[in-house]
Amino acid sequence: MTPGQAFWAGLKIGAPFVLVVAPFGAVFGVVATEAGLDIVQTLVFSIAVIAGAAQLTAVELMVQDAPTLIVLLTALAVNLRMAMYSASLAPHLGAAPVWQRALMSYLMVDQAYAIGVQQFEQHPDMPVGAKVGYFFGAVILLCPTWYLATLAGALLGTAIPPSLPVGFAVPIAFLALIGPMLRTLAHMVAAFVSVVGALIFAFVPYNLGLMIAAILAMGAGALVELWLIRRGRWS
Amino acid sequence: MIQQSQGTIWLVIAGLAIGSFLLRFSFLGLIGKRQLPGWALRLLRYTPVAVIPGLMAPQIFLPADGSTLPDPIKLAAAAITVAVGVWSRNVIAAMAAGVSALAVLIWLFQS
């Protein structure tokens, strides 16, 4: 497969995900402008970060008036999974020139990772140039869609009168992200510990209770995974 | 509403942009082909489900100002959102279900 052919193959697989990215970008645009960011800040946020869950987390914690360091640490914790993506793609893409690796890193959204890793594990002997082409093909429509949808949402958000209560739309948007992630018992236990921990430690200052709850929840998820492996029930 | 200064908002955007890029570039760019140890991968797998439910829990389960019980409408809309998400594995379907449930319940019980 030449890089050109791989690019078109990736594009074909990535294109339908536009339908997933667009509404989510619009939700971020509405939520961010309702929270008080202006249109330029909202758009720059989406262009510079391209990670919806982390962006929403940061906006939500700023609304709660959390200290800036806590806002950054918590939102980056949501993005820790990106390091896992990076580690898992490194054996496939590590031989590409550094500027390509940097550009792919900037563009590494959940969907691009999922599409790429699925293809590369089925066809590990693709030349590295073709793998790079496939990755760029998969994201080439998604990222501009993310920017434009954010802009559309931001314009819509500034048009909605601030008196209209859209507050509870934020928990709904987050919970909609979580449902599909609850694939295993370990994920469910982690989510449960996170909720209980956050409520128990709600009194801890500087929103640090959430960090405590998250660390306990990660440990709980990993322990349940180990337990399931030992019982031969982990797939 | 966000009370922080414009400078703080830009600081958060810049910090999150740089931090997210470094997380994405970490292995691909700097560390190369070495793999993360198994225990680290195992913990990282649970970060989104460990952070996001806890972030939302107070708004869903704690009573609003001036009431003693959690809001049953919010609880029901939250439960429907999660249930549709688990069942359909589709973020957008779950969002649509949750917003519709919220709108219908508010219309039924608060008007």
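Count charges around residue A:223 for me, please; just the other residues with Cβ under 15 Å from its Cβ, Lys/Arg as +1, Asp/Glu as -1.
Details: positive: A:230, A:231, A:233, B:42, B:45; negative: A:225.
Taking every Cβ under 15 Å from that of residue A:223, the sum is +4.
Which distance in nm do the two modelled labels at residue A:208 and residue B:108 give, with both placed 7 Å along the Cα-to-Cβ direction?
Placing both labels 7 Å beyond Cα along the Cβ direction yields 4.4 nm.
Quick check on chain B: take the gyration tensor over C-alpha atoms, sort the square-rooted eigenvalues as a ≥ b ≥ c, and tell me if it's rounded (a/c under 1.5), prolate or oblate. Don't skip to the end; give the middle numbers.
Values: a/c = 2.59, a/b = 1.69, b/c = 1.53.
It comes out prolate by the Cα gyration axes.
Can you classify chain A as rounded, prolate or oblate using the Cα gyration tensor, where a ≥ b ≥ c are the square roots of its eigenvalues, rounded means a/c under 1.5, and otherwise it's prolate if a/b beats b/c and oblate if not? The partial results should precede the final answer.
Working: a/c = 2.10, a/b = 1.20, b/c = 1.74.
In terms of gyration-tensor shape, oblate.
In whole Å, what is the distance between the alpha-carbon centres of the range A:44-63 and the range B:62-105?
When both Cα centres are located, 22 Å separates them.
So if a site counts as exposed when it's one of the trypsin sites (Lys or Arg not before Pro), its DSSP state isn't H, G, I, E or B, and it has at most 15 other Cβ atoms within 10 Å, what's the longest stretch of chain A without one? Could the numbers behind the result be given before it?
Numbers: sites that count: A:183, A:231, A:233.
The answer is A:1-182.
Measure off 7 Å from each Cα along the Cα-to-Cβ vector at residue A:226 and residue B:100, then give the distance between these two points in nanometres to one decimal.
4.4 nm
At a Förster radius of 25 Å, what calculated FRET efficiency corresponds to the Cβ-Cβ distance of residue B:40 and residue A:20, to the nearest 0.05? Mind showing how you got there, number by number?
Numbers: r = 29 Å, r/R0 = 1.14.
For R0 = 25 Å, the calculated efficiency reads 0.30.
If Lys and Arg each add +1 and Asp and Glu each add -1, what is the summed charge of the other residues whose beta carbon sits under 13 Å from the beta carbon of residue A:107? Please list the in-between numbers first.
Details: positive: A:101, B:24; negative: A:110.
Residues close to residue A:107 contribute a combined charge of +1.
On a 0 to 90 degree scale, rounded to 10, what angle separates helix B:72-88 from the longest Cα axis of chain B?
Roughly 50 degrees, rounded to the nearest 10.
Give me a single rounded figure for A:101-109: the average over its residues of other chain Cβ atoms within 10 Å of their Cβ.
On the way: counts 7, 5, 0, 4, 10, 5, 1, 6, 1.
Average per residue, whole number: 4.
Read-outs throughout are calculated quantities, based only on the coordinates presented, and are distinct from any laboratory measurement. All of these numbers come straight from a predicted model, not from anything done at the bench. Reconstructed Cβ throughout: ideal geometry from the backbone, glycine too, with neighbour counts over all protein chains shown.
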